[in-house]
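For reference, the structure discussed in these notes is given below.
What follows draws every value from the coordinates through simple rules; no lab data is involved. In this text the structure is predicted, and so the values were computed from the model without any measurement. Methodologically, a virtual Cβ is constructed for each residue, glycine included, from the backbone with ideal geometry; neighbour enumeration extends over all protein chains shown.
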Amino acid sequence: MTFPPRPYTGRVIDVHDVAADTRRITVEIEGRQRLPFGAGQYMNLSVAGFEGRPFSIASAPHEALLEFHIKNSGHKNGKPGLSAHIAETLKPGHAITLEGPLGNIRWRPDGASRPLLMLAGGLGIAPLKSIITACLHGAGHPPVHLYWGVRTREQLYLDGFFRGLAKRTPRFSYIPVLSDEKDPAPCRGGLIGHAVAEDFETLAGFSVYMAGPPVMIDATLPLLLHKNAEEDYIFSD
Ligand SMILES: Cc1cc2nc3c(=O)[nH]c(=O)nc-3n(C[C@H](O)[C@H](O)[C@H](O)COP(=O)(O)OP(=O)(O)OC[C@H]3O[C@@H](n4cnc5c(N)ncnc54)[C@H](O)[C@@H]3O)c2cc1C
């Protein structure tokens, strides 16, 4: 199912700093409309005076409020970008324009019988959180394995959320992987591609969703193919 993109007016309901440089915002669409989208898609966000930018939707389609995770990209030539404006200035009650939904990394419930391997690098966790929440919401979900790679443990801003979910959800596993910690325990160390290669004999039959920086996608893809992951079932934007 596709959802034609269109502009919406939203109101910020909550802002919460979840890490030193990352803020979670929740947004209600005007008139409490439900925005139809596929889990994993993104919206172009804009506010007056700033050029719009794409941000992944971190909430699932069945949830009432839209959630976004915004990393502050800072100022250039003394001017804040949209992400810096959102991270430093945006308050509950402020208006925000959203356009979308956009993007191809969309969870397809019709392939739901295949186990899911979710690979997130950094803020790539946002669209994968949407897909995981949507998938686990349905009855009889397939096994779901999440690997979340970040540099240091402070960047695991959803660690408690996913640990709690793994405790109460059979067939959901969560493996945080830290690349820059000398002593990563109780997390794994290194890069997520290597952790996955150690843990799985074969990835034949899996659907793999990947989101994160291009360098992480490029480093991980050959390891997945080496483990017989099928190209038609590897999804990333
Ligand atoms: C599909 C997709 C999904 C994404 N999802 C997320 C997400 O979930 N969370 C997230 O944090 N990010 C996400 N991003 C990245 C996001 O869209 C922005 O690129 C990021 O937030 C930086 O935008 P910015 O405007 O804040 O900063 P910049 O684009 O770096 O701009 C910073 C400021 O510098 C100014 N500037 C830039 N270049 C110059 C120049 N040469 N001279 C003078 N001034 C200049 C700009 O006008 C701006 O004021 C996503 C990107 C894509 C493509």
Check your understanding: What's the exposure ranking of S56, S73, going from fewest to most Cβ atoms within 10 Å?
Key -> S73, S56
Check your understanding: Tell me, Kirkwood radius of segment 115-162 from alpha-carbon pair distances, in Å?
Key -> 11.3
Check your understanding: Quick one: of the DSSP bridges fully inside the chain, what percent are antiparallel, nearest 5?
Key -> 60
Point to revise | Distance in nm between pseudo-label sites at V18 and E181 (7 Å out along the Cβ direction from Cα) | key: 1.8
Check your understanding: About the Cα centre of segment 90-237, what is the dipole size in debye to 20, counting +1 per Lys and Arg Cβ and -1 per Asp and Glu Cβ, all else neutral?
Key -> 600
Check your understanding: Picking from P143, T2, T220, whose Cα lies most toward the positive end of the charge dipole for the chain (charges on Cβ: Lys, Arg +1; Asp, Glu -1)?
Key -> T2
Practice item. Between beta-carbons, use under 10 Å as the cut-off and find the net charge around R24, counting Lys and Arg +1, Asp and Glu -1. Key: -2
Point to revise | Neighbour-count ranking [beta-carbon atoms within 10 angstrom, fewest first] of T97, T2, T26 | key: T2, T97, T26
Check your understanding: Reachable aspartates and glutamates from K182, Cα under 17 Å, same-chain residues fewer than 8 places away excluded?
Key -> E154
Point to revise | Rg/Rg_globular for the chain, with Rg_globular taken as 2.2 N^0.38 Å and Rg from C-alpha atoms | key: 1.01
Review point. Which lysines have a Cα lying under 25 Å from the Cα of K79, excluding residues fewer than 8 positions away in the same chain?
Key: K71, K91
Revision key, fill the gap. With -39,500 (n - 2.57) per DSSP H segment of 4 or more residues and division by the full residue count of the chain, the 222 nm estimate, nearest 500 deg cm²/dmol, is -6500 deg cm²/dmol
Point to revise | Anisotropy class of segment 99-232 from Cα gyration tensor, a/c 1.5 cut | key: rounded
Study note, to complete from the structure: Site E231, offset 7 angstrom along Cα→Cβ, radius 19 Å on amide nitrogen, limited to segment 187-204, gives 203-204
